[in-house]
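Asker: Would you mind keeping the following structure in view while I ask a few things?
The values are calculated or read from the model by the stated rules, or taken from the named source; none is laboratory data. On a predicted model such as this, the values are computed, not experimentally measured, just so you know. Here the Cβ positions follow ideal geometry from the backbone for every residue, glycine too, while neighbour counts run over all protein chains shown. Note: accessible area is taken over every heavy atom of the protein model, side chains too, but ligands, DNA and RNA are not part of it. Shrake-Rupley method; radii C 1.70, N 1.55, O 1.52, S 1.80 Å.
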Amino acid sequence: MPPKKTNTALIVTLSIIGLVVFAVIARVGATMANRGEGPASSYPDAEYKLTLPKSLLGGKYTLADDLSSSAPQESGGSWDKSDMKNWTGVAAQYTGKGGAESGEVLTLSGFYGQIRHPEDARASLLRGASQGENVTLAVPAEEITPAGADLSLSCQVMTSDQAGTKATVPMCAWADDNTSAVVAEVGKETVSQAPEEVDLEKVAARVLEVRDEMRRPLG
């Protein structure tokens, strides 16, 4: 039995959004190119890395595609990377139980290394994501600190019109001294939700869970 049209369209939409997000990483260096390299002591110590677990959010999502090779790496490109040092890009797409036919998709893209200005990296990830083709920023980025958390995230809501299918795409980005990523999660209940009705506090809390599951000590 073929997958429902709505689910197929959802996968197409999220795949395109994912590609937009992957491309954003390259823009982070360009956005922060005016600072100059500065002394080595101005970079934080490298203590954490990002991994791609086989599942996320308590097993709700399963790793469907490791796309890290599509994410820019430190040795690639000619753009300025002066606010990041010794970094590696990571990117992936996860799907709900039943794979693509589940209509539940989570995409993420980010990097780990030594990040001199985390707040700028976080803002750049979301700013770049809002500049994708056929994508509209519906709810501008706002800073959210989930209850009990010691880290703030930046969250926004985009709408995407891909292949004639409109979707609401909430996403949040975090950045700390060593890790930064943007995460977009869309399911059957949220894809047609009005952008202004998205509970970004809830989205931020879930993205913080994703961070906790991905972030691990080096070594």
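Asker: Which of (1) in contact (Cβ under 8 Å) with a residue 12 or more places away in the chain; (2) open to solvent by 40 Å² or more (accessible area, probe 1.4 Å); (3) out of contact with any strand residue (DSSP E or B) (no Cβ under 7 Å at 6 or more places or on another chain) does GLU189 not meet, given it meets every other one?
Answerer: All conditions are met except number (1).
Asker: Starting from residues that are without any contact (Cβ under 8 Å) to a residue 60 or more places away in the chain and hydroxyl-bearing (Ser, Thr, Tyr), keep the ones in the range 148-167 and report whichever is nearest to VAL135 (Cα to Cα).
Answerer: THR159
Asker: Among all residue pairs at least 6 apart or on different chains, which show Cβ distances below 6 Å where the first residue, located in the range 168-186, is in contact (Cβ under 8 Å) with a residue 60 or more places away in the chain and the second is part of a strand (DSSP E or B) and charged (D, E, K, R)?
Answerer: THR179/ARG215
Asker: Now, a different point. Collect the residues in the range 104-126 that are touching a Ser or Thr at 6+ places or on another chain (Cβ under 7 Å), in a loop (DSSP other than H, G, I, E, B) and surrounded by fewer than 22 Cβ atoms within 10 Å (Cβ to Cβ), keeping them in residue-number order.
Answerer: If the condition is that a residue be touching a Ser or Thr at 6+ places or on another chain (Cβ under 7 Å), in a loop (DSSP other than H, G, I, E, B) and surrounded by fewer than 22 Cβ atoms within 10 Å (Cβ to Cβ), then ARG116 is the only one that fits.
Asker: Which one is farthest from THR168 (Cα to Cα), of the residues in the range 69-106 that are modelled with pLDDT of 85 or more and hydroxyl-bearing (Ser, Thr, Tyr)?
Answerer: THR88
Asker: Only one of these conditions is not met by ALA204: (1) open to solvent by 10 Å² or more (accessible area, probe 1.4 Å); (2) modelled with pLDDT of 90 or more; (3) not in a strand (DSSP E or B). Which number is it?
Answerer: Result: ALA204 passes all but (1).
Asker: Can you run down the residue pairs with Cβ atoms below 8 Å, 6 or more apart or on separate chains, where the first is in the range 208-219 and farther than 12 Å from LEU56 by Cβ and the partner is open to solvent by 80 Å² or more (accessible area, probe 1.4 Å)?
Answerer: PRO217/GLU47; LEU218/GLU47
Asker: Would you confirm whether any residue within the range 56-64 is farther than 27 Å from GLU104 by Cβ, modelled with pLDDT of 75 or more and surrounded by fewer than 13 Cβ atoms within 10 Å (Cβ to Cβ)?
Answerer: Within the range 56-64 (the criterion being farther than 27 Å from GLU104 by Cβ, modelled with pLDDT of 75 or more and surrounded by fewer than 13 Cβ atoms within 10 Å (Cβ to Cβ)), the answer is no, since none of the residues qualifies.
Asker: So if I check each of GLU133, GLU196, GLU189, which one is charged (D, E, K, R) and at pLDDT 90 or above?
Answerer: When all the criteria are applied, what remains is GLU196.
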